[in-house]
Amino acid sequence: MAELDPADETYCAAEVSREDGTAVIRLSGELDMVSVEAVRSVIEASLASPADRLVFEVSALDFMDSSGIALLISMTRKIKAVEVRNPTAIVRRIIELTGLTDILIMVP
Amino acid sequence: MAIAGRPTGHAGSPGRAGRGWATHVAAAVVLVAATAERVSTEIGRLYVEQRSVAETLQQAILPDKAPAIPGMQIAVRYLPGVSGTEVGGDRYDVVPLGGDRFVFVVGDVSGRGVRAAALMASLQYSSRAYALEGHPPAVILGQLTRTMDVAEDGHFATVLCGLLDVASPEVTLAGAGHLPPLVCGGDGAEAASLAEANPGSPIGVPGGAAFEPTLLTTAAHGTLIAYTDGLVERRGEALDAGLQRLIQAAAVRCGSSLDDLLTSLVSELTGDSPSDDIALIGLRWLN
């Protein structure tokens with residue numbers, strides 16, 4: 001769990017759980033260029049034991065900037081199956097308008 | 001601690017030995033504090049230097065004003081964002097191809113800092129070279145994808161590229177994950193709207209579909225505005241809300257001179273203090 005100060009404008013929490021070969025990363029808050037490195041290190045630590053599927057559960061993610069998108073995409077280069085689960089309208093539109101619906105598969 | 005493990009035989013004057021140890025520790029603490037302060041000052045200096053390097057690089061790359069193209073009015077803007085201290089990777093470019101033809105490019109490298117600015121420079125010169133070779137926008141973007149990889153570079157980029165012939169109302173557009181350009185004004189056209197185009201996948205992200213050109217037919221005396229997301233993006237709302245604000249502001253202001261139009265769009269959408277960097281390019285058909 002990587003947490004910055006919740007009072008911060010740019011607060012993001014990343015919680016990792018494992019279900020067999022699937023790593024589930026639950027993101028909440030704002031994933032941006034300030035919070036992205038802390039989140040990246042949490043994800044990379046969780047992938048020390050190999051996963052064949054990565055799920056980003058983002059129902060509580062309020063905002064994501066291009067640095068956050070870069071983190072999600074870079075994961076698709078390491079793990080074939082990457083899923084973005086339960087995106088809010090804000091996150092969904094960022095992914096759609098950035099032309100990434102073929103690369104970051106959103107469910108639903 | 002070594003002191004605690006000393007044989008008693010060596011502790012002839014424990015009082016003095018204790019004071020000596022404490023003095024050394026105190027001196028070491030002062031030394032560490034002084035070193036930390038120097039390191040912190042040095043980091044601050046390097047940070048300022050890094051920003052200045054990135055800014056210099058960016059200013060050298062972005063043309064102050066667009067080249068003159070007869071029959072077309074062109075205006076450009078670059079506004080640094082107020083949040084964060086690192087420089088961004090937004091850019092614009094206009095590449096005359098001879099005769100009445102030219103290519104325009106607007107792009108945005110993800111993240112900030114020297115690395116983002118360097119990638120922005122690389123994309124600026126690569127896209128200019130491919131444009132000068134006579135390639136259409138979709139091919140230019142296809143070539144750019146070979147110059148960058150988010151897995152190695154840590155950044156990706158969105159790009160919008162358009163090819164125009166001043167004598168024609170048609171614009172050949174291709175996008176790589178970039179927001180759609182706005183068109184407004186002109187004879188018999190609706191007030192303002194976004195050009196519909198397939199967004200395409202960004203540069204630096206392999207695995208996307210091939211880039212598809214879109215043919216946009218503009219109204220006579222119309223205006224086209226390409227921009228980066230800093231103009232419309234706000235935390236806490238979907239991008240569509242910002243795009244709607246842009247359409248509404250442009251509908252009201254499109255009758256202004258091109259310079260005034262760009263100035264008022266920035267002012268109305270960001271209150272003149274954009275949190276993220278903005279690059280803008282405006283084109284107006286004069287004939």
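The values are calculated or read from the model by the stated rules, or taken from the named source; none is laboratory data. Everything quoted here is computed from the prediction, not taken from an experiment. Cβ atoms come from the backbone with ideal geometry, glycine included; neighbour counts cover every protein chain shown.
See the values below:
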{"item": "When residues of segment B:89-109 are limited to those that are small (Gly, Ala, Ser) and modelled with pLDDT under 95, the one farthest from A:Ser74 (Cα to Cα)", "result": "B:Gly99"}
{"item": "Selection within segment B:162-186 - assigned to a strand (DSSP E or B), of a type in the set (A, V, I, L, M, F, W, C) and more than 19 Å from B:Leu258 (Cβ to Cβ)", "result": "B:Leu163, B:Leu173, B:Ala174, B:Ala176"}
{"item": "Test: residue in segment B:92-102 that is buried (at least 19 other Cβ atoms within 10 Å of the Cβ) and among the small types (Gly, Ala, Ser)", "result": "no"}
{"item": "Number of the condition not met by B:Ile225 [criteria: (1) under 22 Å from B:Pro199 (Cβ atoms); (2) away from chain A (no Cβ under 14 Å); (3) at pLDDT below 95]", "result": "(3)"}
{"item": "Candidate set from segment A:48-77 (those that are more than 17 Å from B:Glu237 (Cα to Cα) and hydroxyl-bearing (Ser, Thr, Tyr)); member that is surrounded by the fewest Cβ atoms within 10 Å (Cβ to Cβ)", "result": "A:Ser49"}
{"item": "Of all residues making up segment B:228-260, the number that are within 14 Å of chain A (Cβ to nearest Cβ) and charged (D, E, K, R)", "result": "6"}
{"item": "Those residues of segment B:43-88 which are more than 14 Å from the chain's Cα centre (by Cα), in a helix (DSSP H, G or I) and at pLDDT 80 or above, in sequence order", "result": "B:Ala60"}
{"item": "Restricting segment B:149-177 to residues that are crowded, with 23+ Cβ neighbours inside 10 Å and small (Gly, Ala, Ser), the residue that is nearest to B:Leu119 (Cα to Cα)", "result": "B:Ala157"}
{"item": "Number of the exception - A:Val34 against (1) modelled with pLDDT under 95; (2) more than 8 Å from every other protein chain (Cβ to nearest Cβ)", "result": "(2)"}
{"item": "Residues being within 24 Å of A:Met64 (Cα to Cα) and in a helix (DSSP H, G or I) - total across segment B:238-264", "result": "9"}
{"item": "Options A:Gly29, A:Gly68; residue that is within 14 Å of chain B (Cβ to nearest Cβ), modelled with pLDDT of 90 or more and assigned to a strand (DSSP E or B)", "result": "A:Gly29"}
{"item": "Failed criterion for A:Ala51 (all others in (1) within 14 Å of chain B (Cβ to nearest Cβ); (2) part of a loop (DSSP other than H, G, I, E, B); (3) aliphatic (A, V, I, L, M) hold)", "result": "(1)"}
